[in-house]
Amino acid sequence: MFKTIDNEILKRIGEIVGESNLLSREERLEDYARDENASLYALPEAAARPGTIGEIAALVKLANRYRFPVLARGGGTGVTGGAVPVHGGLVIDLGRMNRILEIDEDSMMAVVEAGVITENLQKAVEEKGLFYPPDPASLDSCFLGGNLAEDAGGPRAVKYGVTRDYITGVEAVLPQGEIIGYGGKLVKNATGYNLLHLLIGSEGTLGIAGRITVRLLAKPKIRVDLLIPFPDYDRAVESVAAILRRRLTPTAIEFMDRKCLEISRQVLDNPVPFEDAAAHLLIEVDGDDPDRVEKEYEAIGEICLEGGAADIRVADSPRYQDQIWETRRKLRDSIKTVSPAKLSQDVVVPRMKIAELLGGIGNIEAKYGLEIIAYGHAGDGNVHVNFLKRNREEAPWRKALDKAVPELFSLAVELGGTISGEHGIGVTKQKYLPLALNPDAIAAMRTIKKALDPAGILNPGKIFPVDK
Ligand SMILES: Cc1cc2nc3c(=O)[nH]c(=O)nc-3n(C[C@H](O)[C@H](O)[C@H](O)COP(=O)(O)OP(=O)(O)OC[C@H]3O[C@@H](n4cnc5c(N)ncnc54)[C@H](O)[C@@H]3O)c2cc1C
């Protein structure tokens with residue numbers, strides 16, 4: 001159905017990006033065969049490193065002319081296979097397009113190329129007293145373009161929202177090679193269909209972002225973190241609900257249970273504080289007024305102590321803050337160290353349903369004899385559920401997962417949630433899409449895809465299987 005990239009096509013790709021930015025030898029393509037989802041591997045036929053949006057457009061036009069698959073790759077930190085070239089074709093590596101083009105301090109906006117690493121933007125704006133809140137835990141290696149495509153979130157979503165809430169403009173290449181612009185340094189925009197919001201979260205299937213405008217906030221002057229140990233996880237989760245019911249708005253509320261703490265203790269060099277706790281809440285509060293910030297974290301502390309917390313550790317210096325966030329930030333890698341084979345899913349439920357979700361996950365774990373580590377963004381209802389293989393035999397483990405995973409997703413949906421809060425559908429979740437969306441909703445999405453990409457060449461096999 002798709003054409004293979006032959007020597008003639010390679011020559012044309014080379015003419016567009018320059019020979020030095022064309023990769024076609026197998027050993028150099030290995031880097032593009034995976035993302036952070038360990039179970040998927042597919043080599044592309046070629047990779048190109050464009051330097052401009054015009055070059056991206058020319059590559060996509062070429063793909064349409066010859067009908068070969070083409071897909072964008074950012075930092076490759078996605079976890080659902082979005083950047084894995086499952087149908088081969090050409091990978092467009094955005095890594096060279098890594099310039100921060102403008103930080104407009106007056107209008108509190110920044111314009112960046114899509115290959116800018118998220119943390120680099122954060123640091124650059126913070127030097128000017130500004131703040132870009134979205135903070136995926138992968139921020140030292142993911143790109144703004146990948147964040148746009150996945151609508152990335154992070155711990156600060158509780159107070160500040162996700163990537164979608166900060167992108168105000170995009171220049172992108174549509175699947176047939178047209179360059180479009182939508183939005184800009186605008187706080188409001190009601191002009192026709194909002195193509196920007198169509199692209200955000202589209203997992204690279206409806207367009208390739210080349211240039212992105214984001215809005216910035218003033219950097220909060222004060223940030224305080226609380227590490228709060230609990231003797232059991234129920235009380236930790238109930239305290240989260242109590243904090244939210246009191247209309248308090250911490251920046252982040254992260255949850256880790258005893259199993260997370262045990263694994264972190266085994267893997268990390270630094271000792272994990274309160275190592276006997278059954279669960280930790282990690283709560284961040286920020287603001288400009290010292291009295292208000294203090295009142296807020298004291299109120300949170302009281303709620304947690306009333307709820308059964310064993311202690312509270314307050315961190316208000318960057319060094320100490322980094323130390324107490326280390327366990328949480330490195331959790332994904334720590335889990336991978338003890339069980340390189342694992343399946344990780346993210347589900348999201350209404351915030352008040354977290355306790356029911358965690359209880360249900362415990363039942364699934366017991367029912368199928370699995371080992372599940374669940375942790376995550378308790379403050380926004382988004383839980384990362386990791387099924388660890390350790391030294392279990394492959395076949396029975398997979399068989400149990402085949403039952404446990406749809407049960408997990410059905411549970412999330414029954415609780416009013418859905419099957420992904422931030423990692424997208426990619427390849428790994430597409431068979432479960434009908435659990436979350438009704439047939440008409442899926443058909444509407446497919447109609448949009450077909451209208452923009454009639455040849456089906458832009459990132460095929462993602463979100464939905466390729467039409468036969
Ligand atoms: C340790 C770790 C922690 C993580 N923590 C979080 C977290 O807290 N929150 C969260 O939301 N995610 C998290 N993730 C997942 C991942 O980092 C995010 O999904 C991130 O947004 C992916 O960005 P990327 O640049 O790596 O994209 P890639 O993996 O390269 O690509 C992801 C998708 O985006 C598309 N894409 C890439 N660039 C573009 C572009 N310019 N235009 C259009 N489409 C494009 C690709 O085709 C692909 O479909 C984590 C991952 C890891 C490994």
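The values are calculated or read from the model by the stated rules, or taken from the named source; none is laboratory data. Because the structure is predicted, anything quoted here is derived from the model rather than measured. FYI the Cβ positions are ideal-geometry reconstructions off the backbone, even for glycines, and counts take in every protein chain you see. The area values use the complete protein model at the heavy-atom level, side chains included, leaving out ligands, DNA and RNA. Shrake-Rupley method; radii C 1.70, N 1.55, O 1.52, S 1.80 Å.
When the criteria are applied in full, residue 180 fails the requirement of being within 11 Å of the ligand (Cβ to nearest atom) and of a type in the set (Val, Ile, Thr). Among the residues examined, residue 375 qualifies as under 21 Å from residue 328 (Cα atoms) and hydroxyl-bearing (Ser, Thr, Tyr).
Among residues of the stretch 7-26 that are more than 17 Å from residue 69 (Cα to Cα), those with a beta-carbon under 8 Å from a residue that is of a type outside the set (S, T, N, Q) and open to solvent by 60 Å² or more (accessible area, probe 1.4 Å) at least six positions away or on a different chain give the pairs 17/49; 21/49; 21/96. If you filter the stretch 451-464 down to residues that are surrounded by 12 or more Cβ atoms within 10 Å (Cβ to Cβ) and without any contact (Cβ under 8 Å) to a residue 60 or more places away in the chain, you find that the one that is nearest to residue 78 (Cα to Cα) is 464.
Whenever a residue of the stretch 106-122 is on the phi > 0 side of the Ramachandran plot and away from the ligand (no atom under 12 Å from the Cβ), its partners that are in a loop (DSSP other than H, G, I, E, B) and of a type outside the set (Gly, Ala, Ser), lying with C-beta atoms within less than 7 angstrom and at least six residues away or across chains, give the pairs 108/216.
If I go through the stretch 137-155 residue by residue, how many of them are more than 7 Å from the ligand (Cβ to nearest atom) and open to solvent by 40 Å² or more (accessible area, probe 1.4 Å)? Adding up the residues that qualify gives 1.
The sole residue among 419, 373, 425 that is in contact (Cβ under 8 Å) with a residue 60 or more places away in the chain, within 14 Å of residue 360 (Cα to Cα) and either within 16 Å of the ligand (Cβ to nearest atom) or of a type in the set (Lys, Arg) (or both) is 373. Taking residue 238, is it among the acidic types (Asp, Glu), touching a helix residue (DSSP H, G or I) at 6+ places or on another chain (Cβ under 9 Å) and closer than 20 Å to residue 379 by Cβ? Against the criterion (among the acidic types (Asp, Glu), touching a helix residue (DSSP H, G or I) at 6+ places or on another chain (Cβ under 9 Å) and closer than 20 Å to residue 379 by Cβ), residue 238 qualifies.
Only one entry of 344, 264, 317, 334 meets the criterion of being without any contact (Cβ under 8 Å) to a residue 12 or more places away in the chain and polar (S, T, N, Q), and that entry is 317.
Working carefully through the options 342, 336, 353, find the one that is within 30 Å of residue 419 (Cα to Cα) and touching a helix residue (DSSP H, G or I) at 6+ places or on another chain (Cβ under 8 Å). Of 342, 336, 353, the one residue that is within 30 Å of residue 419 (Cα to Cα) and touching a helix residue (DSSP H, G or I) at 6+ places or on another chain (Cβ under 8 Å) is 342. On inspection, residue 248 passes the criterion of being assigned to a loop (DSSP other than H, G, I, E, B), closer than 22 Å to residue 162 by Cα and either more than 16 Å from the ligand (Cβ to nearest atom) or touching a His at 6+ places or on another chain (Cβ under 7 Å) (or both).
Criterion first (in a loop (DSSP other than H, G, I, E, B) and within 10 Å of the ligand (Cβ to nearest atom)) does residue 88 satisfy it? In short, no.
Residues that are open to solvent by 10 Å² or more (accessible area, probe 1.4 Å), touching a helix residue (DSSP H, G or I) at 6+ places or on another chain (Cβ under 8 Å) and within 15 Å of the ligand (Cβ to nearest atom) within the stretch 53-75 comprise 55, 72, 73, 74, 75, listed in sequence order.
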